[in-house]
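These notes concern the structure reproduced below.
What follows is calculated from the coordinates using simple rules that are stated; it is not laboratory data. All of these numbers come straight from a predicted model, not from anything done at the bench. Cβ sites come from the backbone with ideal geometry, for glycine too, and all protein chains shown count toward neighbours.
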Amino acid sequence: MDCIFCKIINGSIPSAKVYEDGDFVAVMDINPVSKGHLLVLPKKHYVNMMDMDEEILKKTGIVLKKLCGAITKALGVSGVNLIQNNGIDAGQIIFHSHFHLIPRRPNDGIKIGMEHRKYEEGEMEEYANKIKNAV
Ligand code: AMP
Ligand code: ZN
């Protein structure tokens, strides 16, 4: 399969790996949003988070917590953004599920892009009901 992250995982293209276990690797993002930006990759190829099975998702939470801890300890940063893009319209470029861990420092000027908007009257409840009924 022609997947750049599968190639990183199997070692056929180079990466700066910082963590590996039976299910995951974590590598430095080559174009970091901030210094120390990590990508956490499940070794198995899933297209995105919705594609991942429940067992690996449970393990994902644990590995993300471990690596967040490592980032804050190693770099002395005051915060970390956890970002996960699902689908092209959500900004996903590489279609092998992955989690971004982005170290944050006071007044670093980074904009992660949450631009908040308003609902029309009654609209929020409409959306809430649609989602509630689909869960
Ligand atoms: P996304 O928009 O969530 O699909 O993000 C893909 C990320 O992969 C981007 O932040 C890229 O900078 C990063 N990236 C692309 N190629 C490589 C590579 N060879 N090694 C490490 N990170 C990469
Ligand atoms: Zn892959």
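Please check the chain for the longest run free of GluC sites (Glu not before Pro) that are loop-located per DSSP (anything but H, G, I, E, B) and have at most 11 other Cβ atoms within 10 Å. Let's see the in-between values first.
Working: sites that count: 115, 120, 121.
The longest uninterrupted stretch comes out as 1-114.
Are there chymotrypsin sites (Phe, Trp or Tyr not before Pro) in region 47-135 that DSSP marks as loop and that have at most 11 other Cβ atoms within 10 Å, and which are they? Mind dumping the intermediate values first?
Numbers: sites: 95, 99, 119, 127; in loops: 95, 119.
Passing sites in region 47-135 are 119.
Mind listing the phi-derived Karplus ³J(HN,Hα) values for region 84-92, rounded to whole Hz, using 6.51, -1.76 and 1.60 with θ = phi - 60°, and x for any glycine or proline?
Each residue of region 84-92 in turn: 9, 9, 10, x, 4, 6, 9, x, 6 Hz.
Given an 8 Å cut-off on Cα distances and at least 6 residues of separation, report the relative contact order of the chain as a percent. Intermediate results must be reported in sequence, preceding the final value.
On the way: 159 pairs, mean separation 32.1, N = 135.
Relative contact order of the chain: 24 percent.
Go ahead and collect, in residue order, the members of region 99-126 whose backbone nitrogen is under 15 Å from a label point 7 Å along the Cα-Cβ direction of residue 78.
Correct set: 103-110.
Let me spell out the model: positive unit charges on the Cβ of Lys and Arg, negative unit charges on the Cβ of Asp and Glu, origin at the Cα centre of region 1-75. What dipole size does that give, in debye rounded to 20?
On the way: 10 positive and 9 negative charges, 76 e Å.
In debye, rounded to 20, region 1-75 gives about 360.
Once the other residues with Cβ under 10 Å from the Cβ of residue 97 are scored (Lys, Arg +1; Asp, Glu -1), what is the net sum?
0
I need the calculated FRET efficiency for the pair residue 17 and residue 88, taking r as the beta carbon distance and R₀ as 30 Å, to the nearest 0.05. Mind showing how you got there, number by number?
Values: r = 27 Å, r/R0 = 0.91.
Computed FRET efficiency for residue 17 and residue 88 comes out at 0.65.
Counting Lys and Arg as +1 and Asp and Glu as -1, what is the net charge of the other residues whose Cβ lies under 12 Å from the Cβ of residue 38? Walk me through the intermediate numbers first.
Numbers: positive: 17, 35, 66; negative: 29.
Charge balance in the 12 Å sphere: +2.
Give the list, by residue number, of cysteines in the chain with no other Cys Cβ closer than 4.7 Å, or say none.
Here 68 come out as lacking a disulfide-compatible partner, given the Cβ-Cβ threshold of under 4.7 Å.
How large is the dipole of the chain about the Cα centre if only Lys and Arg carry +1 and Asp and Glu carry -1, each at its Cβ, rounded to the nearest 20 debye? Write down the numbers at each step before the final one.
On the way: 17 positive and 17 negative charges, 150 e Å.
Magnitude of the dipole: close to 720 debye.
So what's the net charge close to residue 81: Lys and Arg +1, Asp and Glu -1, counting the other residues with Cβ under 12 Å from its Cβ? Don't skip to the end; give the middle numbers.
Numbers: positive: 104, 105, 111; negative: 108.
Combined, the nearby Lys, Arg, Asp and Glu give +2.
Which longest run of the chain has no exposed loop site in it, a site being trypsin sites (Lys or Arg not before Pro) in a DSSP loop with at most 12 other beta carbons within 10 Å, and the site itself not part of the run?
On the way: sites that count: 35, 111, 117, 118.
It works out to 36-110.
Using only the Cα atoms, what convex hull volume per residue in Å³ does region 32-135 have? Display every interim value, and only then the final one.
Values: hull volume 14.7 nm³, N = 104.
Given the Cα convex hull of region 32-135, per-residue volume reads 142 Å³.
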